[in-house]
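Asks: Got a structure here, written out as structure tokens. Questions coming.
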Amino acid sequence: MDGRDERLIEIILRYREELQRKIRERKVEMESDNNEHYMLYNALGFTSAEGYQIDFQQNVGRFLYKYAGSLIEELAIKCFKLAHPEVQEKVKLPNTIDQSPKTVEIDCLIGNRAIELKWKDATTDGDHIKKEHKRVRIIREAGYVPIRIMFFEPNREQAIRIQARLKDLYNDLGGEYYSGEEAWEYLKNDTGIDLKSILERNGK
């Protein structure tokens, strides 16, 4: 294991510790919650004990999704920074098309490559396409190549269709789109770091 791997593992362990602390704190908070809504759970065939576990796991799930997305974004940016010290993070560009939003954000700017990082995107809203179209055009008109890297592909049919349209959009506007295994390979080929392997080795 080289020094780069160690720095990435430190990030993973920090997120793991912070998430577990957050879960413990929420468990304590739930001990004083008003649980009158359990009567509805009971009416629908769930015991109060089952209702508590469902509420608790729902809280855990919200935290987990948030931390998973933040973790992969920080790890990916760290990989790029280790390979390209000139990387700029969270670069804002003015909206040159209309007034909303006032700016668009680039997660990771490397030369003329404007990289957007996603852990996954289960969006099924058609407006998502319009917003991305505007965002990609703004980035393109600013002289950058818009690149979308999404590490995990959605499972639901409608979300899969939305992502297929996004891929076409990026390609049509001179950008690049990588998802699933292609995303991991793009990161590995660009940085020399096999982040997927590091995550697999450091899982429970």
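Read-outs: derived from the displayed coordinates by stated rules, not from any lab. What you see is a predicted model; the values in this text were computed from it and never measured. Cβ atoms come from the backbone with ideal geometry, glycine included; neighbour counts cover every protein chain shown.
Asks: Can you find even one residue in the stretch 61-73 that is within 15 Å of the chain's Cα centre (by Cα), closer than 22 Å to TYR144 by Cα and in contact (Cβ under 8 Å) with a residue 24 or more places away in the chain?
Replies: yes
Asks: Same structure, new question: When only residues in the stretch 27-60 that are touching a residue at least 24 places away in the same chain (Cβ under 8 Å) and aliphatic (A, V, I, L, M) count, which is farthest from ILE115 (Cα to Cα)?
Replies: Going through the qualifying residues, I end up with MET30.
Asks: On the given criteria, is ALA159 part of a helix (DSSP H, G or I) and free of Cβ contacts under 8 Å to residues at least 12 places away in the same chain?
Replies: Spelling it out, it is not the case that ALA159 is part of a helix (DSSP H, G or I) and free of Cβ contacts under 8 Å to residues at least 12 places away in the same chain.
Asks: Another one. Cβ-Cβ below 7 Å, separation at least six or inter-chain, first residue in the stretch 101-128 and more than 18 Å from ARG140 (Cα to Cα), second surrounded by fewer than 19 Cβ atoms within 10 Å (Cβ to Cβ) and among the aliphatic types (A, V, I, L, M): which pairs?
Replies: TRP119/ALA68; ALA122/ALA159; THR123/ALA159; THR124/ALA159
Asks: Got a number for residues in the stretch 38-61 being loosely packed, with under 11 Cβ neighbours inside 10 Å and in a loop (DSSP other than H, G, I, E, B)?
Replies: The qualifying residues number 2.
Asks: Give the stretch 74-90 a look and list any residue that's without any contact (Cβ under 8 Å) to a residue 24 or more places away in the chain and surrounded by 16 or more Cβ atoms within 10 Å (Cβ to Cβ), or say none.
Replies: LYS81, VAL87
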